[in-house]
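Trainee: Structure in structure tokens, see below.
Where a number appears in this text, it was derived from the coordinates with a stated rule and is not lab data. Just so we're clear, the structure is a prediction, and the values are computed from it rather than from any experiment. Backbone-built Cβ (ideal geometry, glycine too); neighbour counts: all protein chains shown.
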There are 6 protein chains.
Amino acid sequence: MTSWLPTLVTDTPEEGHALAVKLSRFAIKLTQPDADVRDRLRPDYAEDADALIAVSQVVATHFATISAANDYWRDAS
Amino acid sequence: MTSWLPTLVTDTPEEGHALAVKLSRFAIKLTQPDADVRDRLRPDYAEDADALIAVSQVVATHFATISAANDYWRDAS
Amino acid sequence: MTSWLPTLVTDTPEEGHALAVKLSRFAIKLTQPDADVRDRLRPDYAEDADALIAVSQVVATHFATISAANDYWRDAS
Amino acid sequence: MTSWLPTLVTDTPEEGHALAVKLSRFAIKLTQPDADVRDRLRPDYAEDADALIAVSQVVATHFATISAANDYWRDAS
Amino acid sequence: MTSWLPTLVTDTPEEGHALAVKLSRFAIKLTQPDADVRDRLRPDYAEDADALIAVSQVVATHFATISAANDYWRDAS
Amino acid sequence: MTSWLPTLVTDTPEEGHALAVKLSRFAIKLTQPDADVRDRLRPDYAEDADALIAVSQVVATHFATISAANDYWRDAS
């Protein structure tokens, strides 16, 4: 069985950011498992400035965690 | 007696994320112990984009804590 | 004289979480010392989904601090 | 001249929490230096559940900083 | 192929802050990829005090991450 | 050319707090570069309790970063 989150380690900061976005979306799926409802809600936040900012706050929090997990990709830079 | 939170250590990032979700729900139970009221409120946030994002922010904060507790599961990756 | 917060060290994660809840409530008492007013406000947040989520965010922030203080109870696990 | 913030080091967690409250209030004074306006606004948040929770979030953030500054008062416990 | 985020390491705090701003904007682009919609929303937050503050909170979170990644530019100071 | 942010290192906690305030204001300038608009918005948040609290949250986040950068000014205390 494949895990949706096998590791927090990524090769690059860009991949780490993509993982942060994935994590922020996954929590929403857990709270609202119905894809139809999520699709119906999407315009509520994708076209609402406050909601877009709130989503980017969640991403920022996950990106902090993933960056620490990767020791900030210092070796790669 | 069994603790609802015996440890922050998990085997995998996926289990750590599940624990973050559990922690975010538990605080809500403490503030609103009545299951009937919680059930009545559920549509308020499960079908509201802002609330779904806010829940995912709480999960992100707990996931940061649990990730640090597990040293980011670096040994497993 | 007894301190309301003698230490951040707890024996278990569960006790640490209880302390996080206590801390989140104490700050509200400081800003609104009148117990009657607090009692009157209680339904405002105990039956409001957004407020319940906001309270759980505060608890999550304190739990992060207390978890770090206890080195994530790694020795106990 | 005396500093309003000479140090982040306190003897106890309780004093550290009091300093976190002081810090959260000080930032509001800086943004709104007029004491009359602040007094007028006070009922807006002291009797509003959402605002009380938001204040306690700021306190929680400062308490995290001060707790780290004091190495979580581990030596005292 | 060039990465939009090749590294978190910058020469100065000022460049680190600029990167934090870039990161906060990028997450909004991911959630709302349509530039026309984003342009239409811009006045919603650029002329709204609450939204401006919320954006600055996201920037602050990313700046914390980038500052840690650069060991706070201590060697440069 | 002078940088607006040459270093995160300050001599005292008080100066560190002032820098946190400067950082929280700077992000708002970046998102809304027009000083006239900012002046027009100022009453929206300087006389609004929720906005004042939100600003103090941003300051708290930056103060956490700056405090870590200065190793919490432990040597000075």
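Trainee: Sorted from shortest, what are the nm distances separating the label point of A:Asp39 from equivalent points in the other copies, each placed 7 Å from Cα along Cα to C-beta?
Mentor: Label-point distances to the other copies, shortest first: 3.0, 3.0, 5.1, 5.1, 5.9 nm.
Trainee: Under the rule of -39500 (n - 2.57) per DSSP H run of 4 or more residues, summed and divided by the residues of chain D, what mean residue ellipticity at 222 nm is obtained, to the nearest 500 deg cm²/dmol?
Mentor: Result for chain D, helices only: -22500 deg cm²/dmol.
Trainee: Is the protein assembly as shown rounded, prolate or oblate when judged by the Cα gyration tensor, a ≥ b ≥ c being the square roots of its eigenvalues, rounded requiring a/c under 1.5 and prolate requiring a/b larger than b/c?
Mentor: Rounded, because the longest to shortest axis ratio a/c is under 1.5.
Trainee: To the nearest 20 Debye, how big is the dipole of the protein assembly as shown about its Cα centre, given +1 on the beta carbon of each Lys and Arg and -1 on that of each Asp and Glu?
Mentor: Here the protein assembly as shown has a charge dipole of around 240 debye.
Trainee: Taking the Cα centre of each part, how many Å lie between the stretch B:37-73 and the stretch A:11-76?
Mentor: Between the Cα centres of the stretch B:37-73 and the stretch A:11-76 lies a distance of 12 Å.
Trainee: Moving on. Let me know the mean shielding of E:15-26 by other chains, meaning the per-residue number of their Cβ atoms within 10 Å of its Cβ.
Mentor: 4
Trainee: Which residue fluctuates the most in chain F, going by a Gaussian network model with Cα springs under 10 Å, if the choices are F:Val59, F:Val21, F:Val37?
Mentor: F:Val37
Trainee: Longer than 32 Å from Cα to Cα, which of A:Lys22/D:Lys22; B:Lys22/F:Lys29; A:Lys22/F:Lys29; B:Lys29/E:Lys29 are they? Say none if no pair is.
Mentor: As for pairs spanning more than 32 Å Cα to Cα, those are A:Lys22/D:Lys22; B:Lys22/F:Lys29; B:Lys29/E:Lys29.
Trainee: Net charge near E:Ala54: determine it from the other residues with C-beta under 11 Å of the C-beta of E:Ala54, scoring Lys and Arg +1 and Asp and Glu -1.
Mentor: -3
Trainee: While we're here: Tell me the distances, shortest first, between F:Asp71 and the same position across the other copies, using label points 7 Å along Cα→Cβ, in nm to one decimal.
Mentor: 1.2, 1.2, 2.1, 2.1, 2.4
Trainee: With a cut-off of 8 Å between alpha carbons and a minimum separation of six or more residues, what is the relative contact order of chain C in percent?
Mentor: 49
Trainee: Can you list the equivalent-ellipsoid semi-axes of chain E, largest first and in whole Å, using the square root of 5 times each Cα gyration tensor eigenvalue?
Mentor: With the √(5λ) rule applied to chain E, the semi-axes are 26, 16, 8 Å.
Trainee: Something else now. Mind sorting F:Thr7, E:Thr65 by how few other Cβ atoms lie within 10 Å of their own Cβ, fewest first?
Mentor: By the 10 Å Cβ count, ascending, the order reads F:Thr7, E:Thr65.
Trainee: Based only on other Cβ atoms within 10 Å, what is the fewest-to-most ordering of F:His62, D:His17?
Mentor: D:His17, F:His62
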